[in-house]
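Participant: One structure follows; several queries about it will come next.
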Amino acid sequence: MATSTTASGDRAALAGDVVRRMLHVAAALRHQQDEAIAALGLTPAAGRALHELDPDHPLPARDLAEQLGCDRSNVTGLADRLEQAGLVERHTDPTDRRQKTLVVTPRGRQVRDRLRRAMSDSRLLDGLSAAELATLHELVWKVSDGGCPEACGET
């Protein structure tokens, strides 16, 4: 009986260490992304807002707020910054003239492409062999329940 308790305790300790290390990796990735976003002249919040916008489908600010998981008043400030930078424009929604949609400008498309590349930077994984990377991919996929939720940014 003591053996199964010890094994259970070892598994719990190992799982706890894995979680802490995953959080460390996530923080390192976030730091890299924030630096890359800043190099584009954006705040992390504005960069993530631009990243969420689909250049081919204008989006109401309230929908962007929902995608970002924040209050609509926060999106107003983000949209202001993106508009001042020439990355988005506000257009009146033809189906509801009271509502404004956010439209990515041609310059916004260029910055968004650079942003998407920066947010997919994989330098932290450079030390892994192809086989190790494949194993990590399989394990991360399994832990994420067969794939990232939509909020993972896969659009």
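The values are calculated or read from the model by the stated rules, or taken from the named source; none is laboratory data. Values in this document were obtained by computation on a predicted structure and should not be read as measured data. With ligands, DNA and RNA removed, areas are computed over all heavy atoms of the protein, side chains included. Shrake-Rupley method; radii C 1.70, N 1.55, O 1.52, S 1.80 Å.
Participant: Can you give me the Rg/Rh ratio for region 1-81, using Cα atoms for both radii and the Kirkwood formula for Rh?
Facilitator: 1.28
Participant: Continuing with this model, one more query. Using a 1.4 Å probe on the protein heavy atoms, what percent of the accessible area of the chain belongs to carbon and sulfur?
Facilitator: The computed percentage sits at 55.
Participant: Candidates (i) 1.07; (ii) 1.35; (iii) 1.19; which is the computed Cα Rg over 2.2 N^0.38 Å?
Facilitator: Among (i) 1.07; (ii) 1.35; (iii) 1.19, the one derived from this structure is (ii).
Participant: While we're looking at this one, here's another question. Given a 1.4 angstrom probe, what's the average accessible area per residue across the chain, in square angstrom?
Facilitator: 70 Å²
Participant: Right, here's the next one. Counting only protein chains, not ligands or nucleic acids, how are MET119, MET22 ordered by accessible area (probe 1.4 Å), most first?
Facilitator: MET22, MET119
Participant: How large is the accessible surface of GLU138 in square angstrom, using a 1.4 angstrom probe and rounding to the nearest 10?
Facilitator: Here the accessible area works out near 130 Å².
Participant: Here's something else I'd like to know. What ratio of Cα Rg to 2.2 N^0.38 Å holds for region 46-97?
Facilitator: Compactness ratio reported: 1.05.
Participant: Kindly express, to the nearest 10 degrees and within the range 0 to 90, the angle between helix 106-118's C-alpha long axis and the longest C-alpha principal axis of the chain.
Facilitator: 10 degrees
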